[in-house]
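Working notes, beginning with the structure itself.
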Amino acid sequence: MNAGIIPYPHSTGNPSRGMSFELGGVNFSYPGTQKTSPALKDVSLTIQAGQLIVIVGSNGSGKSTLIRILSRLYDPTSGTVQIDGRPSEEYIVSDLHEATALLSQDNQLYPLSLHENIGLGYPDKVKDIGLVQQAAEQGGAIEFISKLKDGMSTFLEPIIQPFQINLYRNKTHVLYKEMDALRKNIDISGGERQKVVAARSFMRFQSGKIKFVAVDEPSSALDAESELKLFENLIKVRDGKTLVFVTHRFGHLTKYADQIICMKDGSVCEVGSHEELFNKDGEYPKLYKIQASAFTAQ
Ligand SMILES: Nc1ncnc2c1ncn2[C@@H]1O[C@H](COP(=O)(O)OP(=O)(O)OP(=O)(O)O)[C@@H](O)[C@H]1O
Ligand SMILES: [Mg+2]
């Protein structure tokens, strides 16, 4: 990856509205892959600052790869990516990453309290209980957290290993009770983890540095209602940010979308609004009807 020297945001473009992108003839193959066809083929598209984009397409069509190129996790094998009107490789990579919030299926939690797991989205404000609480609400995590005995102070993966010594025989000993409590790991579901990670992203927004939010199916572990709520909460704070969603359940997002990008076999096959694409005989109406039937058919 080329190391640029220009700080982001820069005076070009319109960073106060969000990050903008222009892709020209982008091809991408994963390094070392055995696949003969590239993951992205000749992708050209424009995303304006502050737009809300929904990327749709069947499994393996290149949606996540496109998100990784936009988030500058990878550079294209060939073709150009412009960010705010400049070649993306001219920017300092860490600046771009600092301006990007990527919500994916990766739901990594740290061996810290829930409060810290959320607050670390914006380390300067980790002690601000009100802000962390608000982020927990926006991420949809507050409900399950409030049901935990220790609430926000709960440690999910305790690093303390209790040693039993002679206590295991003496269940009446006062320390036995303490040890027993330490031994119990609190485990939460995949969807609940996802909500904590989402809350951490909302906390990141508080830094005011986020210009691009990429949401790549963070919701696979979420039920339909939680997903809808999460998307609505993201849309509420979209001001000053470009939002790109990848989801197979996109029906409720189409009304907000400035553009729908439909992918097939690594290429963009259709681009437009829901109305523009729905009445054409293409891939999009097919995908739309499939995901809609998943909701209506019982
Ligand atoms: N890390 C990787 N290494 C090698 N090939 C990969 C890697 N990730 C994805 N691919 C391949 O690149 C192509 C595009 O994959 P991508 O993950 O972008 O699809 P997708 O549209 O996000 O699919 P899904 O709906 O299943 O998430 C596929 O052929 C896939 O097998
Ligand atoms: Mg994917």
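Laid out as a table, the results:
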quantity	calculated
Residue tally, condition within 13 Å of ligand 1 (Cβ to nearest atom), outside any helix (DSSP H, G or I) and either of a type in the set (Gly, Ala, Ser) or without any contact (Cβ under 8 Å) to a residue 40 or more places away in the chain (or both), over segment 58-87	7
Some residue of segment 99-107 being modelled with pLDDT of 95 or more, more than 16 Å from ligand 2 (Cβ to nearest atom) and part of a loop (DSSP other than H, G, I, E, B)	yes
Segment 12-48, residues that are among the polar types (S, T, N, Q) and not in a loop (DSSP other than H, G, I, E, B)	Asn27, Ser44, Thr46
Residue ID - farthest from ligand 2 (Cβ to nearest atom), chosen from residues in segment 208-223 that are among the small types (Gly, Ala, Ser) and open to solvent by 40 Å² or more (accessible area, probe 1.4 Å)	Gly208
Residues within segment 25-34 that are surrounded by fewer than 15 Cβ atoms within 10 Å (Cβ to Cβ) and either under 18 Å from Ser88 (Cβ atoms) or away from ligand 1 (no atom under 16 Å from the Cβ) (or both), tallied	1
Filter result for Asp281 (buried (at least 22 other Cβ atoms within 10 Å of the Cβ) and either within 16 Å of ligand 1 (Cβ to nearest atom) or over 20 Å from Ala141 (Cβ atoms) (or both))	no
Of residues in segment 76-102 being within 23 Å of the chain's Cα centre (by Cα) and over 18 Å from Ala49 (Cα atoms), the one surrounded by the fewest Cβ atoms within 10 Å (Cβ to Cβ)	Ser94
All strands (runs of 3 or more DSSP E) inside segment 225-298 with 3 or more residues being within 20 Å of Gly62 (Cα to Cα) and among the aromatic types (Phe, Trp, Tyr)	none
Odd one out for Leu234, checked against (1) closer than 23 Å to Gln194 by Cβ; (2) touching a strand residue (DSSP E or B) at 6+ places or on another chain (Cβ under 8 Å); (3) within 16 Å of ligand 1 (Cβ to nearest atom); (4) open to solvent by less than 30 Å² (accessible area, probe 1.4 Å)	(3)
Residue match in segment 42-55 (condition: touching a Ser or Thr at 6+ places or on another chain (Cβ under 6 Å), away from ligand 2 (no atom under 15 Å from the Cβ) and free of Cβ contacts under 8 Å to residues at least 60 places away in the same chain)	no
Residue among Gln133, Gln138 that is away from ligand 1 (no atom under 16 Å from the Cβ), within 21 Å of the chain's Cα centre (by Cα), open to solvent by 60 Å² or more (accessible area, probe 1.4 Å) and modelled with pLDDT of 95 or more	Gln133
Any chance Leu120 is surrounded by fewer than 19 Cβ atoms within 10 Å (Cβ to Cβ), more than 10 Å from ligand 1 (Cβ to nearest atom) and either among the aliphatic types (A, V, I, L, M) or more than 19 Å from the chain's Cα centre (by Cα) (or both)	yes
Every residue from segment 35-57 that is more than 19 Å from the chain's Cα centre (by Cα) and within 10 Å of ligand 1 (Cβ to nearest atom)	Lys35, Ser37, Pro38, Ala39, Leu40
Pair list, Cβ under 8 Å, 6 or more apart: segment 231-253 residue under 12 Å from Ala214 (Cα atoms), other residue of a type in the set (Asp, Glu) and within 16 Å of ligand 2 (Cβ to nearest atom)	Val246/Asp216; Val246/Glu217; Thr247/Glu217; Thr247/Glu227
Single residue of segment 56-72 satisfying the filter (of a type in the set (A, V, I, L, M) and over 13 Å from Lys264 (Cβ atoms)) that is nearest to ligand 2 (Cβ to nearest atom)	Ile67
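The values are calculated or read from the model by the stated rules, or taken from the named source; none is laboratory data. None of these values were measured; they are calculated from a predicted model. In this analysis, Cβ positions are derived from the backbone assuming ideal geometry, glycine residues included, and neighbour counts consider all displayed protein chains. In case anyone asks, the SASA skips ligands and DNA or RNA and just uses the protein heavy atoms, side chains included. Shrake-Rupley method; radii C 1.70, N 1.55, O 1.52, S 1.80 Å.
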